[in-house]
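Data block below; observations after.
The values are calculated or read from the model by the stated rules, or taken from the named source; none is laboratory data. This is a predicted model, so every value here is computed, not measured. Don't worry about glycine lacking a Cβ; one is built from the backbone with ideal geometry, like all the others, and counts go over all protein chains shown.
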Amino acid sequence: MPLRIRLRPRALCLRIMHPKTPLSASYASLATATTPAPPIEHIRSVPPVLRYPPTQPPSHKPPEVRKTQLHRQYQSLLKSSALILLFQHNNVKAVELMGIRRELAIALDKVDAERAKNGQPLFADQIKLQIIQTGIFASALRVVEFFNPVESTLDHAQHPTDPRTPTSVQITQTTNSPEDERFKHGLSKHAWDVASNRKLKIELEPLLSGPLAIVAFPAVSPQHLKTVLSILSPSPDFPAPRRKANPDLYEPAVQSGLQKMMLLGARVEGKVFDMEGTKWVGGIEGGIDGLRAQLVQMLQGVGGSLASALEGASRSLYFTVEGRRMDMEEKENPTKKEE
Amino acid sequence: MITRFLTNVRVKFNPFSPRAKPARLFLSLIPPDARASGMVIDTKMLPRTSKEPATLGVKFKDGKELNLELDKMRITEVMEEVDRHSRILARKEELTGN
């Protein structure tokens with residue numbers, strides 16, 4: 001493009017730099033105002049500059065909208081909860097919901113008080129009844145199940161704009177556009193593309209319609225599960241606490257709210273269970289420790305019986321031979337005695 | 001959906017079957033105070049492996065019973081069926097002047 005300011009060509013020639021290095025000193029005709037490149041040994045590579053904050057890489061939808069925030073929350077909930085119960089709530093009023101949450105908290109605190117005596121980990125305050133946005137939850141579940149990028153440890157350890165990062169480090173050259181396929185976080189467009197492949201189906205899909213609420217447990221604890229089931233979906237296997245023991249539970253508001261809650265199923269460590277399966281998980285005696293003890297006992301028993309089965313053949317042979325020997329000795333001895 | 005003429009709702013479905021959706025949605029359409037004003041709602045959930053079709057049984061205030069198999073119906077069709085009789089009852093109510 002021609003210059004806006006009309007400069008006389010002679011004026012340009014007069015502006016010659018006097019460089020210090022010997023490279024262009026003798027070339028006055030090279031009247032360009034550029035610094036000559038330093039020798040190769042002095043070149044240092046500059047780490048790439050990220051134009052997005054490290055805590056918020058570009059996401060598929062705008063990051064400030066509630067949908068994206070909920071998506072991220074649900075992804076983290078799904079990854080961190082070992083056990084998730086799914087309920088349908090049919091027009092439960094706010095006062096009823098309040099009452100239900102209160103009763104749940106009281107019952108779980110009682111369980112935790114007992115566990116504190118035995119020194120077991122406590123997580124009553126992490127177990128809450130949460131009403132979820134079903135569509136966003138379904139989308140987050142798809143991302144969690146189907147988007148498994150290969151994460152190298154270097155991705156988390158080093159960051160380009162961190163001064164401690166050595167310049168020789170390999171850094172993923174991600175650009176600022178959300179469409180870049182090198183992004184590995186769950187909110188990226190790449191994650192959405194992978195997860196929205198309709199050929200992949202999640203097991204929980206038929207349950208994910210209508211108004212839903214979840215109760216998420218950080219670990220599979222049959223004790224806590226039993227308590228939650230006895231309050232939220234009482235049945236002969238999990239009877240609700242008696243009126244005398246817990247009069248507040250039988251308030252009309254709480255009872256009408258509880259009648260509107262339906263247990264649909266559960267997701268335990270990635271596997272889907274229906275109502276009976278959930279009851280089975282809740283019915284495991286003694287909690288996770290009891291289950292472990294049972295397993296250990298079974299394995300020990302198996303080991304013992306295996307060992308005895310293997311040596312049984314040689315043992316019976318030994319006894320047979322010994323018995324025969326004894327017999328023969330006895331026969332010899334009496335004959336000797338007789339003699 | 002007009003629900004003030006219903007006295008009894010009986011639903012049976014397998015939540016893992018995709019055809020149980022109208023059953024669940026019907027339950028979510030019942031207003032919050034329905035139980036307090038005398039409606040009896042009975043829900044039965046079938047196990048995951050069950051192949052039984054989802055059923056909905058509704059009783060009205062004039063004694064009429066409506067039993068629907070929700071296998072081939074969508075929720076809009078279910079609502080239409082229930083509303084049809086409810087509208088007849090509503091008209092009767094209007095005419096008798098309350």
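Checking each residue in the stretch B:63-73 for being over 12 Å from the mean Cα position of the chain (by Cα) and modelled with pLDDT of 90 or more picks out B:63, B:64. Tell me whether the stretch B:39-46 contains one or more residues that are more than 15 Å from the chain's Cα centre (by Cα) and not hydroxyl-bearing (Ser, Thr, Tyr). Yes, the stretch B:39-46 contains at least one residue that is more than 15 Å from the chain's Cα centre (by Cα) and not hydroxyl-bearing (Ser, Thr, Tyr).
Selection of the stretch A:67-95 for residues being within 14 Å of chain B (Cβ to nearest Cβ), touching a helix residue (DSSP H, G or I) at 6+ places or on another chain (Cβ under 8 Å) and in a helix (DSSP H, G or I) yields only A:95. For the stretch A:153-208, the set of residues classified as more than 14 Å from chain B (Cβ to nearest Cβ), assigned to a helix (DSSP H, G or I) and at pLDDT 70 or above consists of A:189, A:190, A:191, A:192, A:193, A:194, A:195, listed by residue number. Given the conditions (1) surrounded by 14 or more Cβ atoms within 10 Å (Cβ to Cβ); (2) farther than 30 Å from residue A:271 by Cβ, and given that residue B:91 satisfies all but one, which numbered condition is not satisfied? Among (1) surrounded by 14 or more Cβ atoms within 10 Å (Cβ to Cβ); (2) farther than 30 Å from residue A:271 by Cβ, residue B:91 violates only (1). Against the condition more than 14 Å from chain B (Cβ to nearest Cβ), part of a loop (DSSP other than H, G, I, E, B) and closer than 14 Å to residue A:83 by Cα, how does residue A:220 come out, does it pass? Against the criterion (more than 14 Å from chain B (Cβ to nearest Cβ), part of a loop (DSSP other than H, G, I, E, B) and closer than 14 Å to residue A:83 by Cα), residue A:220 qualifies.
The rows are residues; the columns are (1) outside the structural domain of residue A:264 (by the TED database); (2) at pLDDT 65 or above; (3) of a type in the set (Val, Ile, Thr).
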residue	(1), (2), (3)
A:32	yes, no, yes
A:48	yes, no, no
A:54	yes, yes, no
A:61	yes, yes, no
A:71	no, yes, no
A:75	no, yes, no
A:79	no, yes, no
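Checking each residue in the stretch A:225-270 for being surrounded by 14 or more Cβ atoms within 10 Å (Cβ to Cβ) and of a type in the set (Asp, Glu) picks out only A:251. Residues that are over 17 Å from residue A:265 (Cβ atoms) and within 11 Å of chain A (Cβ to nearest Cβ) within the stretch B:40-59 comprise B:40, B:41, B:42, listed in sequence order. Inclusion of residue A:274 among residues that are surrounded by 10 or more Cβ atoms within 10 Å (Cβ to Cβ) and within 14 Å of chain B (Cβ to nearest Cβ) is warranted. When residues in the stretch B:1-23 are screened for being touching a strand residue (DSSP E or B) at 6+ places or on another chain (Cβ under 6 Å), within 11 Å of chain A (Cβ to nearest Cβ) and more than 15 Å from residue B:82 (Cβ to Cβ), 2 of them pass. Counting only residues that are within 7 Å of another protein chain (Cβ to nearest Cβ), of a type outside the set (Val, Ile, Thr) and more than 28 Å from residue A:203 (Cβ to Cβ), the stretch B:24-35 holds 3 of them. Residues that are more than 14 Å from chain A (Cβ to nearest Cβ), polar (S, T, N, Q) and either in contact with a Phe, Trp or Tyr (Cβ under 6 Å, 6 or more places away or on another chain) or without any contact (Cβ under 8 Å) to a residue 24 or more places away in the chain (or both) occur in the stretch B:69-90; there is at least one. The condition of being over 30 Å from residue B:50 (Cα atoms), more than 11 Å from chain B (Cβ to nearest Cβ) and touching a residue at least 12 places away in the same chain (Cβ under 8 Å) holds for only one of A:281, A:254, that being A:254.
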